[in-house]
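The values are calculated or read from the model by the stated rules, or taken from the named source; none is laboratory data. What you see is a predicted model; the values in this text were computed from it and never measured. Note: ideal-geometry Cβ built from the backbone for every residue, glycine included; neighbour counts use all protein chains shown. Calculation scope for accessible area: heavy atoms of the full protein, side chains included, ligands and nucleic acids excluded. Shrake-Rupley method; radii C 1.70, N 1.55, O 1.52, S 1.80 Å.
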Amino acid sequence: MLTVNKLNTFYGRAHILRDVSLDISKGEAVALLGRNGAGKSTTMKSIMGLLKPASGLVEFEGKTISGLKSYHISRLGIGYVPEERRVFAGLSVLENFAVGKQKPRQGGMEQTPENLFKLFPNLESMKDRPASQMSGGEQQMLTIARTLMGNPKLLLLDEPSEGLAPLIVEEMARTILQLKSTGITLILSEQNLRFANLIADKAYIIEKGEIRYKGTMDDLNNNAEVRDAYLTL
């Protein structure tokens with residue numbers, strides 16, 4: 001579904017991503033793991049067109065999307081949930097949903113507020129509440145739900161468990177697993193290996209802008225040397 005081939009991205013003169021390559025199949029849940037500042041968010045922003053890579057190729061369903069504007073990429077069926085909870089603070093839950101709404105994809109299910117309230121039951125009881133009056137965990141759920149209103153085929157989740165209380169993290173994991181069961185393809189960037197283990201089938205580890213490891217989550221869990229080298233603080 002998604003191929004990233006030798007992506008190089010800079011911030012000014014700083015070379016952040018160095019020949020990053022990924023291969024994501026339809027229906028997979030893939031974790032992009034690494035320490036803070038390793039290049040996870042830069043990878044997602046480069047895929048999404050929010051940053052312009054200096055070189056490399058990104059293909060989605062066989063179509064080259066490198067160089068496209070982010071709104072074009074979104075319309076092709078890629079949803080992006082940023083690390084920062086970018087809700088529309090003055091709008092209600094339902095109004096945030098309306099902002100994210102796009103036409104359904106061919107052969108895919110159309111998301112509705114009713115469907116999303118089944119995934120995020122906490123949001124239903126506050127559907128008319130302004131987003132500014134919600135907790136951090138509730139805002140994170142709202143951001144994901146609003147993105148799902150765009151009916152994406154591929155969902156990029158940037159640090160979905162960051163800054164959330166343990167109980168909310170468990171609830172978030174259950175919700176993402178429900179999403180996975182619908183067949184949507186998922187890429188999540190994470191520092192939390194335990195959270196990634198609950199969801200992902202496959203992992204890439206990025207360190208200083210380079211892919212250092214690729215394999216199944218089972219293989220990673222059995223490889224203490226790799227975990228100690230790239231994931232311990």
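What the table below lists for this structure:
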| item | result |
| --- | --- |
| Cα-based convex hull volume of the range 76-203 per residue, rounded to whole Å³ | 99 |
| For the chain: relative contact order, % (alpha-carbon pairs under 8 angstrom, 6 or more apart) | 28 |
| Convex hull volume per residue for the range 147-204, taking Cα atoms only, in Å³ | 87 |
| Residue 118 versus residue 36: modelled label distance in nm, points set 7 Å from Cα along the beta carbon direction | 3.9 |
| Gain in span if fully extended, residue 216 to residue 25, counting 0.36 nm per residue against the direct Cα distance | 67.4 nm |
| Extension reserve of the residue 106-residue 129 stretch, reckoned as 0.36 nm per residue once the Cα distance is removed | 5.0 nm |
| Cα point-scatterer Debye curve for the chain, base-10 log of I(q)/I(0) at q = 0.09, 0.13, 0.17, 0.18 Å⁻¹ | -0.36, -0.76, -1.29, -1.42 |
| In sequence order, calculated HN-Hα J values of the range 210-222 (Karplus, 6.51, -1.76, 1.60; Hz; x Gly/Pro) | 10, 6, 9, 7, 9, x, 6, 5, 4, 4, 5, 5, 8 |
| Relative contact order, percent, the range 179-233 [alpha-carbon distance under 8 Å, six or more residues apart] | 22 |
| For a label point 7 Å along the Cα-to-beta-carbon line of residue 3, residues of the range 137-160 with backbone N under 19 Å | 154 |
| Approximate spin-label separation residue 223-residue 13, in nm, with each point projected 7 Å along Cα-to-Cβ | 3.5 |
| The chain: calculated mean residue ellipticity at 222 nm from DSSP helix runs of at least 4, using -39500 (n - 2.57) | -9500 deg cm²/dmol |
| Net charge over other residues, Cβ less than 13 angstrom from the Cβ of residue 169 (K, R count +1; D, E count -1) | -3 |
| Accessible area per residue in Å² at 1.4 Å probe, computed on the chain | 48 |
| The range 198-233 versus the range 152-190: alpha-carbon centroid distance in Å | 18 |
